[in-house]
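S.K.: Quick one: the structure is below, questions incoming.
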Number of protein chains: 4
Amino acid sequence: MKNILKAGIAGVSGYTGKEALSILLKHPRVRVTYVAANNTRGRVDGIYPEFLGRTDLVCQKFNIVQAVQHCDVVFLALPHTESMRVAGKLLKAGVKVIDLSADYRLKSTRVYGRWYGRQHADVQNVAKAVYGLPELFRQKIKTAALVANPGCYPTAAILGLAPLVTAKTSSIISVVVDAKSGVSGAGRKASLDLLSSEVNENFKAYKVLAHQHTPEIDQVLSKLAGKKMAVHFVAHLLPINRGILNTMYVHLKEGITLGQLRALYKKFYKTEPFVRILPSGGQPEVKNVANTNFCDIGLAVSADGKMAVITSAIDNLVKGAAGQAVQNMNIMCGFTENQGLL
Amino acid sequence: MKNILKAGIAGVSGYTGKEALSILLKHPRVRVTYVAANNTRGRVDGIYPEFLGRTDLVCQKFNIVQAVQHCDVVFLALPHTESMRVAGKLLKAGVKVIDLSADYRLKSTRVYGRWYGRQHADVQNVAKAVYGLPELFRQKIKTAALVANPGCYPTAAILGLAPLVTAKTSSIISVVVDAKSGVSGAGRKASLDLLSSEVNENFKAYKVLAHQHTPEIDQVLSKLAGKKMAVHFVAHLLPINRGILNTMYVHLKEGITLGQLRALYKKFYKTEPFVRILPSGGQPEVKNVANTNFCDIGLAVSADGKMAVITSAIDNLVKGAAGQAVQNMNIMCGFTENQGLL
Amino acid sequence: MKNILKAGIAGVSGYTGKEALSILLKHPRVRVTYVAANNTRGRVDGIYPEFLGRTDLVCQKFNIVQAVQHCDVVFLALPHTESMRVAGKLLKAGVKVIDLSADYRLKSTRVYGRWYGRQHADVQNVAKAVYGLPELFRQKIKTAALVANPGCYPTAAILGLAPLVTAKTSSIISVVVDAKSGVSGAGRKASLDLLSSEVNENFKAYKVLAHQHTPEIDQVLSKLAGKKMAVHFVAHLLPINRGILNTMYVHLKEGITLGQLRALYKKFYKTEPFVRILPSGGQPEVKNVANTNFCDIGLAVSADGKMAVITSAIDNLVKGAAGQAVQNMNIMCGFTENQGLL
Amino acid sequence: MKNILKAGIAGVSGYTGKEALSILLKHPRVRVTYVAANNTRGRVDGIYPEFLGRTDLVCQKFNIVQAVQHCDVVFLALPHTESMRVAGKLLKAGVKVIDLSADYRLKSTRVYGRWYGRQHADVQNVAKAVYGLPELFRQKIKTAALVANPGCYPTAAILGLAPLVTAKTSSIISVVVDAKSGVSGAGRKASLDLLSSEVNENFKAYKVLAHQHTPEIDQVLSKLAGKKMAVHFVAHLLPINRGILNTMYVHLKEGITLGQLRALYKKFYKTEPFVRILPSGGQPEVKNVANTNFCDIGLAVSADGKMAVITSAIDNLVKGAAGQAVQNMNIMCGFTENQGLL
């Protein structure tokens, strides 16, 4: 690793790619040396005028040879089913890869095929990929060549559920994840459903009990629990640009007190730089985590202690995508974990 | 009853009072003869310029004698704990009362005292009040002198849960109501929490497992179930003006198919003018019910049939307040139920 | 004309077409007998679930023969350059036409060609078309077979400027129209620029001094002034669904007092049902005209009386499109002018 | 000046104070040593949970002695008429002051009294204060002890107008500033007008031709022009949190081409780190400057060259307040001007 890390971004024209660029341009240890996209060309500050005066980078058509030549690490902010066509080649050439798509998250390619509608094209690297949730898998990330950056909803859900699922596995009757996301989570595509006139002053559930992030949550929670877990997951579309808030209902056989629950969470995340357990009675708000890499967590318990309500909030583009990707990069490269993220 | 009903509104300066006025001004069988408020005086079109050219009404300090003199029916859009000080006097004078506050909703004045922080001042009329949810209590509303107009969250929750709770009482393990409301539900009061800068681009849960609408939902569901029901209710604040969407998770002992669930709901609401069971796969959206008296309901079931997810959407100011109040008035006065509401 | 007017809508899948349908479904003198679109088929309540339970209409591919067969009047809510291909045929068959596109607004087909990029295909009917701004051209509308419904910005601009331009023609040095519109004004098309993530929390000017509504404003003002008028028009995109507010700066050679200005406007619009001159010091707000056919006007004057600032607000989909179209229909058919619009 | 600058903030509970804190916490040359407010006490992360894990600072009641003891520089983010009661004492004790209120902006205390309704309490320091717009007054700021940080609207207006007013003074017939601001510009106060339900989906002009920022703009433009200038200024309230966009209409006696206008602006701001003249045809958007210290400027000219339309956009809390204040601090302290601001 040279002194300054050379980073590339494939898919810079999308919202997560743009966010990655925005973060990396301020990172003291990184130089962005290569940006590419599938259908967009030209100066980045022409595509996104917010970069005027901040960078002279020119967006190329993505090309493996060039990426390898210019980069130590490449962030793949490509649509699902596209990353798996290029990650392997980058890895083979010795380039580290942080994939922000879903392509390397699910360990079962059968499950992948069912939810993403395409047979997996790089089965070999699925096995090698490390799931990039630092709070749970930091040690493995340190030595990973390929990190599967978690989905936005799963990041908020897993961080919110991990301590309780780990500690009270056998007591859990059911888990409901009622998830709400700002509209940037849907990406930057010209779709009638995402028009301002349709989203603004509106609210709705979508993909009810059928969202592709469900198996990702189940996979990680099952690993933590040491047995098969299956959450009931419903996504909703918020009329805001950024932010996810998940409200999670864990029905328990044996009651727990709020004090016990809080102690569990405080201990679990004791040394984490980006997880904040709110003071007693506090509830996370999307605005408090917007444009940050924090995950805020609030806790409540029913009178009989058998229904725990955990709320977690993140910025879907930062901790839910590009920020967490940079956090993973920091870990992979031996940088301070929060560098460029505060 | 004369040919044209003379209606008064106490609390016209608040959002529900304003909405009631807006609806009643277009009602073919009604003349609004009296509008009042506690702290606001003067022409209504001075308070709310949207009424310019639509009415010459002048807002008075609320006065029982004047209200009785001018009105056949009075809508009380007053803050909680104020309605109970005037409703009795209006009733005694033969004026019908539709109370949009919470004062007459809970049959147990002990429970009322616990949630609303004040001893009830009109215990006698609590017993006589009819809970004004026409879909469940239409017959009683017809002859009621005092209607307790349901809360906004309870309207959406109860309409969404009633068919399933009624049909599958003994199978229910738990009920979660994850409720989201636009900000007009909080009323028109100068509070830092309700500032545009705090609400806009934000989202949060509030009064988690501690919202005063919980006992109202429990009371009605318990009545339907014939046994004590207790939902887990969490409210959230949406950055929109109008609308509620409740996502409700009913955990069942025995599985149910989506077809069975749909059949249950279609039958239950077969003749209802304001409840729309969406086509299979359809999900309610706040924009589709905004400014209407409709309640839209969507249905989904987990693969094993043991988790039913019911979503219901209303306009909190219309079906959740003033529109339902006018619906109740129509029923009480023998008018066509949807008059002035389409 | 039969007792109940049979109305058709071409382009019901767009926002103005939908709005026209919504208004006409409540109109006591109208039955909507035919709805059509270019690329959308099927039940209207499938396209727009807000119509569930309100209509059984089925959207057809637009067909002249069917339109003629089913309708007394047809509202053309088609894209510009499409209306001119069908209006003539409807007129020939004796069907009245209210065109909500720009095709028949400009009397000079040369100017039309320059701004709309297409040669006009129905020059003959351009001459016959009446510009449907009732406040200025009511008499002609009464007997018109073809009404060119005004643009949204021009409606707000012309209503705001007409009294002053008429009375002080020779004193005017310059006119600036700083116009702001909600996003529904851009129509319902899948465009990156109109995505919620791009519009929300954003604001920008567009088509600066180059908006196609400019010649429409100039044409009408020039007619009123009896000499060539040319405004400086800049459009802006507001992050709201509905509403236009125009702030207009009229620089005068001779000063005018606020009292004189107000007197001018009060007199000019004395009997108008849909124009509201706000009380002294009052300023129009978009929310006060949203979902109504009103145009609210505010007036201010600089200390030296030489800069008059007129603000006007409308709902771009109602007074700026479908509501005004229905107002025109009422006039053409001898109905009360505000029927179905209050 | 020690190696690390000790900075204090009075009025940290307001939006500009909070923004100043947020920026200064990331500034490599600064330590925030003191935060205070008038009516708020306690940990900053209790007042604003977004600061959890970012600072342990505790908000005090403002006290001059403590401020002097702890700070090299104090940012006064107090309401107008309060800063002038404390700035003098800080200055006397050798503390540098950057005042974000209006108290030291207007050189004429008579004009100040007329617009702010209070006699000025510190006339002596008004004369010494430097108007903190670095692009125009950088040299004076370098040695200033007291900087009057410009108002948000004036920053956008003056930066947009300065090159043209300077170069074409004698040609100017009139200047219109049509200004639009997000709601955080109104500060954090519990007012009905600022409620989400009133602001959201709404838009209006306010203080038409009567906004207190008018004399501030006039003062600076007059200085640039070398003669009395008076703009016509109208403010509008945007339903967004952050951002100002001013559309400015300069009516000229002699025509100018777009090329000439662009050349003028490019040259004027050639070396400025925070002013971006957009490429030809480009228009500033609020989202491109949100959360940055940039001012983006767009240019257009009418066909006859006599109406120049200049659009400028800033973040009202950053370049319009706290960011510019930090820029001034950097200049006053000999730091790199953009440190902590990129």
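S.K.: Can residue C:12 be described as outside the structural domain of residue C:185 (by TED's automatic domain parsing), in a strand (DSSP E or B), in contact with a helix residue (DSSP H, G or I) (Cβ under 6 Å, 6 or more places away or on another chain) and not polar (S, T, N, Q)?
M.R.: no
S.K.: When you go through C:147, C:177 one by one, which is the residue that is modelled with pLDDT of 95 or more, within 13 Å of the chain's Cα centre (by Cα) and assigned to a strand (DSSP E or B)?
M.R.: Testing whether each residue is modelled with pLDDT of 95 or more, within 13 Å of the chain's Cα centre (by Cα) and assigned to a strand (DSSP E or B) leaves just C:147.
S.K.: Considering only residues that are in contact with a helix residue (DSSP H, G or I) (Cβ under 6 Å, 6 or more places away or on another chain) and among the polar types (S, T, N, Q), look in the stretch B:295-340 and name the one that is nearest to residue B:262 (Cα to Cα).
M.R.: B:312
S.K.: Taking the stretch D:86-130 as the region of interest, how many residues are among the aliphatic types (A, V, I, L, M) and assigned to a loop (DSSP other than H, G, I, E, B)?
M.R.: Total meeting the criteria: 8.
S.K.: Residues of the stretch D:136-163 being of a type outside the set (A, V, I, L, M) and surrounded by 21 or more Cβ atoms within 10 Å (Cβ to Cβ), which ones?
M.R.: Of everything in the stretch D:136-163, those that are of a type outside the set (A, V, I, L, M) and surrounded by 21 or more Cβ atoms within 10 Å (Cβ to Cβ) turn out to be D:149, D:150, D:151, D:152, D:153, D:154, D:155, D:160, D:163.
S.K.: With in the same structural domain as residue B:268 (by TED's automatic domain parsing), open to solvent by less than 10 Å² (accessible area, probe 1.4 Å) and touching a Lys or Arg at 6+ places or on another chain (Cβ under 7 Å) as the only criterion, which of B:222, B:181, B:171, B:196 stands out?
M.R.: B:171
Quick grid of which residues meet (1) under 25 Å from residue D:248 (Cβ atoms); (2) aliphatic (A, V, I, L, M):
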position: D:75; (1), (2): no, no
position: D:90; (1), (2): no, yes
position: D:110; (1), (2): no, no
position: D:116; (1), (2): yes, no
position: D:133; (1), (2): yes, yes
position: D:139; (1), (2): no, no
position: D:146; (1), (2): no, yes
position: D:150; (1), (2): yes, no
position: D:159; (1), (2): yes, yes
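S.K.: Considering every residue within the stretch A:107-118, establish whether at least one is among the aliphatic types (A, V, I, L, M), in contact (Cβ under 8 Å) with a residue 40 or more places away in the chain and crowded, with 24+ Cβ neighbours inside 10 Å.
M.R.: No - not one qualifying residue is present in the stretch A:107-118.
S.K.: Still on this structure, I have one more. Please verify whether residue B:204 is facing another protein chain (nearest Cβ under 8 Å), over 21 Å from residue B:116 (Cβ atoms) and open to solvent by 30 Å² or more (accessible area, probe 1.4 Å), treating the condition exactly as stated.
M.R.: yes
S.K.: So which of C:281, C:255 is surrounded by fewer than 17 Cβ atoms within 10 Å (Cβ to Cβ) and on the phi > 0 side of the Ramachandran plot?
M.R.: C:281
S.K.: Something else about it: All but one of (1) over 23 Å from the mean Cα position of the chain (by Cα); (2) open to solvent by less than 10 Å² (accessible area, probe 1.4 Å) hold for residue C:236, so report the exception by its number.
M.R.: Unmet condition: (1).
S.K.: Further question on the same structure: Please enumerate the residues belonging to the stretch A:74-85 that are in contact with a strand residue (DSSP E or B) (Cβ under 9 Å, 6 or more places away or on another chain) and assigned to a helix (DSSP H, G or I).
M.R.: Result: A:83, A:84.
S.K.: Applying the selection to the stretch D:269-278, what residues are more than 8 Å from every other protein chain (Cβ to nearest Cβ) and either closer than 22 Å to residue C:234 by Cβ or buried (at least 19 other Cβ atoms within 10 Å of the Cβ) (or both)?
M.R.: Those that are more than 8 Å from every other protein chain (Cβ to nearest Cβ) and either closer than 22 Å to residue C:234 by Cβ or buried (at least 19 other Cβ atoms within 10 Å of the Cβ) (or both): D:269, D:274, D:275, D:277.
S.K.: Right, here's the next one. Looking for whichever is more than 14 Å from residue B:180 (Cα to Cα) and crowded, with 23+ Cβ neighbours inside 10 Å here; the options are B:263, B:325. Which one fits?
M.R.: B:325
S.K.: Out of everything in the stretch A:28-60 that is within 12 Å of chain D (Cβ to nearest Cβ) and part of a loop (DSSP other than H, G, I, E, B), what residue ends up being surrounded by the fewest Cβ atoms within 10 Å (Cβ to Cβ)?
M.R.: The residue in question is A:28.
S.K.: Kindly check whether there is at least one residue in the stretch D:250-268 that is within 21 Å of the chain's Cα centre (by Cα), β-branched (Val, Ile, Thr) and not assigned by TED's automatic domain parsing to the domain that holds residue D:19.
M.R.: Within the stretch D:250-268, none of the residues are within 21 Å of the chain's Cα centre (by Cα), β-branched (Val, Ile, Thr) and not assigned by TED's automatic domain parsing to the domain that holds residue D:19.
S.K.: Which of (1) away from every other protein chain (no Cβ under 14 Å); (2) among the small types (Gly, Ala, Ser); (3) buried (at least 17 other Cβ atoms within 10 Å of the Cβ) does residue B:94 not meet, given it meets every other one?
M.R.: Among (1) away from every other protein chain (no Cβ under 14 Å); (2) among the small types (Gly, Ala, Ser); (3) buried (at least 17 other Cβ atoms within 10 Å of the Cβ), residue B:94 violates only (3).
S.K.: In the stretch D:217-228, which residue that is touching a residue at least 12 places away in the same chain (Cβ under 8 Å) and outside any loop (DSSP other than H, G, I, E, B) is farthest from the other protein chains (Cβ to nearest Cβ)?
M.R.: D:224
S.K.: Any residue at all in the stretch C:72-86 that is outside the structural domain of residue C:310 (by TED's automatic domain parsing), surrounded by fewer than 19 Cβ atoms within 10 Å (Cβ to Cβ) and free of Cβ contacts under 8 Å to residues at least 24 places away in the same chain?
M.R.: no
For every residue, the table says whether it meets (1) open to solvent by 30 Å² or more (accessible area, probe 1.4 Å); (2) out of contact with any Pro (no Cβ under 7 Å at 6 or more places or on another chain); (3) under 20 Å from residue A:258 (Cβ atoms); (4) in a loop (DSSP other than H, G, I, E, B).
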| site | (1), (2), (3), (4) |
| --- | --- |
| B:190 | yes, yes, no, yes |
| B:211 | no, yes, yes, yes |
| B:215 | no, yes, no, no |
| B:230 | yes, yes, yes, yes |
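S.K.: Could you list all residues from the stretch C:301-322 that are open to solvent by less than 10 Å² (accessible area, probe 1.4 Å), aliphatic (A, V, I, L, M) and touching a strand residue (DSSP E or B) at 6+ places or on another chain (Cβ under 6 Å)?
M.R.: C:307, C:308, C:309, C:310, C:313, C:314
The rows are residues; the columns are (1) away from every other protein chain (no Cβ under 14 Å); (2) more than 18 Å from residue D:188 (Cα to Cα); (3) touching a helix residue (DSSP H, G or I) at 6+ places or on another chain (Cβ under 7 Å).
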residue	(1), (2), (3)
D:3	yes, yes, no
D:6	yes, yes, yes
D:22	no, no, no
D:73	yes, yes, yes
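S.K.: Quick one: residue A:188 ticks every box in (1) within 23 Å of residue A:11 (Cβ to Cβ); (2) away from chain C (no Cβ under 12 Å); (3) in contact with a Gly (Cβ under 9 Å, 6 or more places away or on another chain) except a single one, so which number is it?
M.R.: (2)
The values are calculated or read from the model by the stated rules, or taken from the named source; none is laboratory data. Every value quoted in this text rests on a predicted model; they were computed, and no experiment measured them. Cβ: placed from backbone, ideal geometry, glycine included. Neighbour counts: every protein chain shown. Surface accessibility is based on the protein's heavy atoms, side chains included, excluding ligands, DNA and RNA. Shrake-Rupley method; radii C 1.70, N 1.55, O 1.52, S 1.80 Å.
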